[in-house]
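Take a look at the structure set out below.
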Amino acid sequence: MYSKIIVVLALVAAVSAQSHYGHQQHYQPQHYHHEEEHHGPVHYEYHYDVHDDHTGDVHGQKEARKDDSTQGEYYLIDADGHKRTVTYHVEGKSGFIAEVHREPIKGYQAPQPQHHQYQSLYQH
């Protein structure tokens with residue numbers, strides 16, 4: 001009985017090994033064709049300004065782009081009362097080229113924190 005089991009296991013092992021080694025796959029390098037994406041002309045403009053008296057947040061931005069040329073500017077009021085303005089441009093693949101200006105604002109008063117008295121909604 002044991003000899004029959006050994007013979008069957010040997011046959012299963014032989015068939016498994018033959019199917020595994022019977023099909024040799026050869027390395028074939030993949031050839032990729034890189035195609036550069038082509039986009040239509042790009043043109044946009046936008047701007048926004050924020051002036052929140054409650055929080056003291058003051059900032060804004062404007063930007064314009066035509067094809068590969070982008071120009072813009074953004075500004076904000078720092079907590080110490082200086083106006084920071086960043087002017088930037090990009091031409092093609094030149095990268096982001098920025099120039100930063102910082103100037104004090106005369107008579108600037110930083111917003112004072114507002115304290116509110118806590119009132120419980122529940123009575124004990």
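Only the coordinates and a few stated rules stand behind these numbers; no lab work does. This structure is a prediction, so every number in the text was calculated from the model and none was measured. A quick note on method: Cβ atoms are made from the backbone with ideal geometry, for glycine too, and the neighbour counts reach across all protein chains shown.
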Only Lys, Arg (+1) and Asp, Glu (-1) charged, at Cβ; the chain dipole about Cα centre in debye
820
With θ set to phi - 60°, apply the Karplus curve 6.51 cos²θ - 1.76 cosθ + 1.60 along the stretch 81-91 and write out the HN-Hα couplings as whole Hz, x wherever there is a Gly or Pro.
x, 9, 8, 9, 10, 10, 9, 9, 8, 9, 10
Of [x] 73; [y] 58; [z] 42, which is the value of percent of Cα pairs over 20 Å apart derived from the coordinates here?
[x]
What does the highest-first list of 60-71, 86-97 look like by mean Cβ count within 10 Å?
60-71, 86-97
So how strong a dipole does the stretch 62-124 carry about its Cα centre when Lys and Arg Cβ are +1 and Asp and Glu Cβ are -1, to the nearest 20 debye?
140
Based on DSSP H runs of at least 4 residues, each adding -39500 (n - 2.57), what is the mean residue ellipticity at 222 nm of the chain after dividing by all its residues, to the nearest 500 deg cm²/dmol?
-6000 deg cm²/dmol
In whole percent, what relative contact order does the chain give with Cα contacts below 8 Å and a gap of six or more residues?
13
Of Ala10, Gln119, Tyr108, which is farthest along the charge dipole of the chain in the positive direction, counting Lys and Arg as +1 and Asp and Glu as -1 at C-beta?
Ala10
Suppose each label sits 7 Å from its Cα in the direction of the beta carbon; what would the Leu76-Glu99 distance come out to in nanometres?
2.2
Quick one: compute the contact order of the stretch 43-104, relative version, from alpha carbon pairs under 8 angstrom and 6+ residues apart, as a percent.
23
